[in-house]
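The next block holds one structure in the form of structure tokens; read it before the comments.
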Amino acid sequence: MINTEEKLKERVKELTCLYEVTSIIVNSGYDELSTSLETIAYCLKRGWQFPEDAEAVVSIGTYQVQTNGFNEQMTCLSCDVIVFNKVEGTISVGYPASAYTLEDFLREERTLLKNVCLAVGNFMERKQIHDSEAETKKQMERNDRLHIMGEITAGIAHELNTPLANILGFAELLLDETTDTKTRRDLQTILDNAIFSREIVKKLMFFTCEMPQQMELVELNRVMDSVIRLMGPSLRAKQLSVAKSYASGDILVRANTVQLTQVMFNLIMNAAYYSPIRGEIKVEIFSEKQKVIINIIDQGEGIAPDKENKVFEPFYTTKPIGEGTGLGLSVVHGIIKSYKGTIEHRPNVPKGTIFTIEFPN
């Protein structure tokens with residue numbers, strides 16, 4: 001038993017502890033969570049009846065911090081941290097089991113721990129709201145940039161179409177009329193570069209969904225097999241194998257065959273480009289809950305975390321200059337979106353990337 005004076009000292013200590021924890025939370029930034037939780041753990045250690053023997057641990061989600069002397073064999077008083085009505089972690093304060101039992105914890109200490117857990121839970125709720133708002137804002141800004149880029153791109157594509165058609169037409173006429181070897185070679189160079197430029201314009205128009213769409217029911221398995229055959233030389237050059245996993249029976253999607261082929265071609269080509277020599281690309285096609293799902297899985301280096309939000313942006317590429325325009329995945333994203341579908345990516349294990357496309361069935 002402790003006397004009245006000791007009880008008063010303990011109450012002051014507990015109130016001071018709660019005040020310090022509250023102050024830490026109020027003054028903490030959302031990007032300093034680990035440091036804040038560690039500071040709270042040491043505040044709890046000082047707030048207990050026997051601070052010289054008390055140790056604390058705070059475990060919430062992926063965060064776990066503890067005072068130096070904490071171990072699993074201690075006699076602990078624990079309380080759950082509730083975040084949006086779900087248990088997201090616990091906070092525990094313990095004494096050495098060799099010298100203390102649960103009876104050594106004061107009733108008021110249980111109340112203190114409960115209040116600390118409540119304050120930490122409220123802080124975690126605010127952090128989740130903040131993170132969600134920041135992500136929403138980032139997504140809105142990205143969508144605005146894509147919308148503006150789409151309008152600019154559509155205008156550029158239309159403006160370039162006519163002069164490119166003239167260059168191609170007159171170059172072909174001159175090529176037919178001349179027999180000089182050097183002149184023919186130069187004209188062929190003009191033709192090749194004009195055709196390359198026209199293909200870029202087509203990609204720009206695909207990106208802005210300006211290409212006319214003749215929609216029909218397309219056999220997805222057949223399109224994928226055709227793309228893999230087209231990619232044969234590139235796959236063989238790196239000694240890549242393709243492991244196909246198709247659901248039994250034909251899987252049909254309403255799409256434009258040319259556009260769907262371009263989607264699959266871009267994704268397989270990207271997978272091949274980033275795959276190591278003698279690597280494997282997996283292609284999975286199946287239907288689930290009124291959706292058609294396609295997974296294209298490679299064993300490359302994967303997408304860096306700071307680049308994850310950029311992969312579908314127009315003109316963004318990690319390929320060397322001259323090897324990519326940065327339009328491939330933008331085109332893919334635009335086509336799939338026009339079909340009311342979605343495309344996402346996530347890391348492959350142990351390394352690589354998985355692109356997942358979902359079409360409404």
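A few comments on the model shown:
- Projecting the Cα atoms of T16, S36, I281 onto the charge dipole of the chain (Cβ charges, centred on the Cα centre) puts I281 farthest toward the positive pole.
- Note on S241 and T16: their simple-model spin labels are 6.9 nm apart, each label 7 Å out from Cα toward Cβ.
- Cα gyration tensor, the chain - rounded (a/c under 1.5), prolate or oblate: prolate
- Solvent-accessible area, 1.4 Å probe, carbon plus sulfur percent, for the chain: 54
- Computed from Cα positions, the angle between helix 107-177 and the longest principal axis of the chain comes to roughly 10 degrees.
- About its Cα centre, the dipole of the chain is roughly 860 debye, where the only charges are +1 on Lys and Arg Cβ and -1 on Asp and Glu Cβ.
- Amide H partners (placed H, <5 Å) of N348, local residues excluded: T353, I354
- Pairs with C-alpha atoms separated by more than 20 Å, drawn from the list K127/K310; K86/K127; K238/K337; K45/K127, are K127/K310; K238/K337; K45/K127.
- Dipole of the chain, positive end: most advanced residue of L174, N27, I156 [Cβ charges, Cα centre]: L174
- R346, R107, R11, reordered so the largest accessible area comes first (probe 1.4 Å): R107, R346, R11
- Around the Cα centre of the range 1-59, unit charges on the Cβ atoms of Lys, Arg, Asp and Glu (plus for the first two, minus for the last two) sum to a dipole of about 220 debye.
- Square roots of 5 times each gyration tensor eigenvalue, C-alpha, the range 25-147, largest first, Å: 35, 13, 11
- Other residues within the sphere of radius under 14 Å centred on the Cβ of Q73, judged by their own Cβ, net out at -3 (K and R +1, D and E -1).
- Residue-level accessible surface for C76, protein heavy atoms, 1.4 Å, Å²: 40
- Beta bridges per DSSP with both ends in the chain, % antiparallel, nearest 5: 90
- In this structure the chain gives 58 Å² per residue of accessible area when probed at 1.4 Å with all protein chains present.
- Accessible area in the full protein assembly, largest first, 1.4 Å probe, for F312, F286: F286, F312
- Pair D31, R254: separation of 7 Å Cα→Cβ label points (nm): 4.6
- Ranking of S98, S234 by solvent-accessible surface, largest first: S98, S234 (1.4 Å probe, protein heavy atoms only, all chains present).
- Modelled FRET efficiency - R0 41 Å, E288 with L164, Cβ distances, 0.05 increments: 0.40
- In a DSSP loop and with at most 12 other Cβ atoms within 10 Å, the trypsin sites (Lys or Arg not before Pro) in the range 239-283 are R278.
- Most positive-pole-ward Cα, I228, F84, V57, against dipole of the chain from beta carbon charges: I228
The values are calculated or read from the model by the stated rules, or taken from the named source; none is laboratory data. Bear in mind that the values here come from a model prediction, so they are computed numbers and not experimental data. Here the Cβ is made from the backbone with ideal geometry for all residues, glycine too, and neighbour counts use every protein chain on show. Heads up: the accessible areas ignore ligands, DNA and RNA and are worked out on the full protein's heavy atoms, side chains in. Shrake-Rupley method; radii C 1.70, N 1.55, O 1.52, S 1.80 Å.
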